[in-house]
Amino acid sequence: MRTILLLLLLLPATVPAASLHKCLGADGVASYQSLPCAAGQRTAWTRDAPPLPAPPPAQVPPAADATPARPRSAPRAVAVVRKAADHSASRCAAARRAADLTRDRLWNRLSFRQRSELDARVAQACAAR
């Protein structure tokens with residue numbers, strides 16, 4: 001049985017099958033094949049195989065010059081408005097970065113007390129907002 005299945009898998013994929021035959025051997029083992037059953041086998045049934053689907057059509061990319069060019073308008077003047085520097089936000093971000101770098105660098109050597117002190121420094125820098 002396994003050898004028959006292996007042989008079926010090894011058949012070339014380009015051979016179109018017009019019909020499918022189920023053949024029963026003398027020992028009762030079923031085999032499925034595209035050829036009619038051999039002399040020592042009994043045909044259980046024969047069915048027409050469905051046709052293979054057609055490959056999808058190749059899609060052609062649109063040509064670069066197919067789309068009309070959009071007229072460019074004159075560049076707009078953009079007003080730049082700067083906000084007053086928020087030093088408390090930058091202090092908070094700097095404290096968080098420093099704590100994260102320290103944790104990344106010394107992650108396995110920091111005690112619980114040292115980690116708590118890092119968190120307290122971040123909280124103090126961020127609370128001054």
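Every number in this text was worked out from the coordinates using simple rules, so none of it is lab data. On a predicted model such as this, the values are computed, not experimentally measured, just so you know.
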- Task: Would you mind calculating the gained length between residue 93 and residue 120 on full extension (0.36 nm times residue separation, minus the Cα-Cα distance), in nm to one decimal?
- Result: 8.3 nm
- For the range 87-127, what is the per residue volume of the convex hull drawn over the alpha-carbon atoms, in cubic angstrom? 37
